[in-house]
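The next block holds one structure in the form of structure tokens; read it before the comments.
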Amino acid sequence: MQAGRLWGVGLGPGDPELVTVKAARLIGEADVIAFHSARHGRSIARSVAAPYLRDGQIEEALIYPLTVETTDHPGGYQGAIDDFYADCALRLAAHLDAGRDVVVLCEGDPLFYGSYMHMHKRLAHHYVTEVVPGVTSVSGAAAVLGRPLVERDEILTVLPGTLPAEVIAERLATTDSAAILKLGRTFTKVRDALAEAGRLDEAWYVERATTGAQRLAPLAEVDPGSVPYFSLALIPSPVNAASPGPAARETPAAAVPEVTGEVTGGAVDGTAGGGPGEVVVVGLGPAGRPWLTPEAQEALAAADELVGYGPYLDRVPPNPRQRRHPTDNRVEAERAAHALELAAGGSRVAVVSSGDPGVFAMASAVLEVACEPRFADVPVRVLPGLTAAHAVASRAGAPLGHDYCVLSLSDLLKPWEVVAGRISAAARADLVLAIYNPASRSRTWQVAAARDLLLEHRAPQTPVVVGRNVGGTGESMTVTTLGELDPAAVDMRCLLLVGSSTTRIAERGDGGRVVFTPRRYPA
């Protein structure tokens, strides 16, 4: 099979209309689109390229493991970032080896303080590679200021704000024009260096040039606390000292710390960071990407293998680099053992659960099997997710605003006598109840039985919320009372919230109504 082609594509300073014709074409044609982001999962590069993406493309989110130079990695910050770039190169190499063309998106120009260059030096000598230049942040800043960068025989000096202050001041004292990138936490140091060099009054601050969030100001007037990483200081050509032109818009060129690393062999050798495999139990939340935490997105993006109940795996966008292992919902121990065996062989395995994996889900099943001696050396992490109880509660208002308990009506793993005893105990304690697994095709009588047990201790007017498929297609919310609860309307895709004696249903002025439990309990 012929290997795919690698493209490093510059997107310009932020305005999607400043993406070159060639870059737009390649983005639309690529099999795989890769982009960097911080752990929040939002990518400036992807947002700029969004108008040129097409349905069905594979997306590889390259999520930085850290954003400041603090880490417990044995190699320190440099070691952690080296491992990250090595891991990203492996993931992209898997697509290239499979014959898929990969476009790595990069704000600004890929080889001008660009994030792409770290993939380039690890992969370009193994695969056919082309770099598509982009408009730099420096050019974008000069354009929105309406000031020439350099004229005639003038010299332009480009500096990273991460340099020592004395070095910045020394360079500024001997140049005509200058651009200082990577401000953010370095802003105060850069401002002091400009003052030391006698250039502060010439300097302009440009933030997110060419975008709707653009900000322009004399640098001396800028509050250091308001400065993001994607901003720069500019000393334009001294020949033309005209006032800046009308503000256009803005965003920046990407910039990441320069690191080094080697790739050997026919393609790329080793596993991510050269370390052992691991199992990460990931909570997907109740439904869809908006309910997924950035930490969970990062784990799913980095995984080699995905393991889980089939319908839950279907919620994770397909990526042919990853192997998927769907199973039936009744084989939790076998699923856990399979995931741990894959990790013992060196794979990074994500075991997916709906909601939070620690709430009636896969975390306990994985940890139970992981405690067997044969898996003693396999690392296991659990990443939380938004629970179904909290999702339903948020749709209704705040029914979980005071003490509450969570229980499952399923009697598959515990006898009904235990379930019934816990329902009665919670009802006597006047706790709000979040009831999972209320019914299924084979369990149809438990909801009525639970209602009758609750009515022994709760008034018929007690509020009940029935949330069905919250966050997904066909979502519905029903607010009723314990006395009027219809068990036939409840199925396995529902979650019940049964109020306490203080839970209220209130009509709002806008015609809506909310359910909430006051935080103060009556004396």
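Treating cross-link reach as a plain straight distance, find the aspartates and glutamates whose alpha-carbon is under 19 Å from the alpha-carbon of Lys22, omitting any fewer than eight places away in the same chain. Result set, ordered by chain and number: Asp31, Asp101, Glu107, Asp109, Glu130.
Within segment 414-523, the chymotrypsin sites (Phe, Trp or Tyr not before Pro) that combine a DSSP coil assignment with at most 12 other C-beta atoms in a 10 angstrom radius are Trp445.
Per-atom-type breakdown for the chain gives carbon and sulfur 53% of the accessible area (1.4 Å probe, protein chains only).
With charges set only on the Cβ (+1 for Lys and Arg, -1 for Asp and Glu), what does the dipole of the chain come to about its Cα centre, in debye to the nearest 20?
The dipole of the chain has a size of about 1460 debye.
Charge dipole (Cα centre; +1 on Lys/Arg Cβ, -1 on Asp/Glu Cβ; no other charges) of segment 1-127 amounts to roughly 220 debye.
Averaging over all projection directions, the Cα-based convex hull of the chain occupies 31.3 nm² in the image plane. In this rough spin-label picture, where each label sits 7 Å from Cα along the Cβ direction, the Arg508-Arg422 distance is 3.3 nm. Computed from point charges on the beta carbon alone (+1 for Lys and Arg, -1 for Asp and Glu), the dipole magnitude for segment 413-523 about its Cα centre is near 300 Debye.
Summing charges over neighbours of Gly41, with a neighbour being any other residue whose Cβ is under 12 Å away from its Cβ, gives +1 when K and R count +1 and D and E count -1. Projected label points at Arg374 and Ala398, each 7 Å from Cα along the beta carbon direction, are separated by 5.0 nanometres.
Net charge in the neighbourhood of Gly75 (other residues with Cβ under 12 Å of its Cβ; Lys, Arg +1, Asp, Glu -1) is -3.
Estimated from helical segments only, the mean residue ellipticity of the chain at 222 nm is -7500 deg cm²/dmol, where each DSSP H run of four or more residues counts as -39500 (n - 2.57).
Distance between the 7 Å Cα→Cβ label points at Glu130 and Tyr521: 7.0 nm.
In segment 24-76, taking the dipole from charged Cβ atoms about the Cα centre, the farthest positive-side position among Pro65, Ile33, Gly75 is held by Ile33. Dipole of the chain computed with +1 at Lys/Arg Cβ and -1 at Asp/Glu Cβ about the Cα centre; of Pro218, Leu11, Thr478, farthest Cα towards the positive end is Thr478. Using the Cα coordinates of segment 6-83, the gyration tensor eigenvalues translate into equivalent-ellipsoid semi-axes of 29, 13, 11 Å, sorted from longest to shortest. Exposed loop sites here are trypsin sites (Lys or Arg not before Pro) assigned a DSSP state other than H, G, I, E or B and surrounded by at most 10 other beta carbons within 10 Å; excluding them, the longest clear run of the chain is 153-329. What is segment 334-374 by shape, rounded, prolate or oblate, if you read a ≥ b ≥ c off the alpha carbon gyration tensor as root eigenvalues and call it rounded for a/c under 1.5, prolate for a/b larger than b/c, and oblate otherwise? Here segment 334-374 falls in the oblate category.
Remark: the chain carries 45 Å² of accessible area per residue (probe radius 1.4 Å; ligands, DNA and RNA excluded).
The values are calculated or read from the model by the stated rules, or taken from the named source; none is laboratory data. The model shown is predicted, which means the values in this text are computed figures rather than measured ones. Every residue, glycine among them, receives a Cβ derived from its backbone with ideal geometry; neighbour counts consider all protein chains shown. Quick note on the areas: whole protein, heavy atoms, side chains included, nothing else; ligands and nucleic acids left out. Shrake-Rupley method; radii C 1.70, N 1.55, O 1.52, S 1.80 Å.
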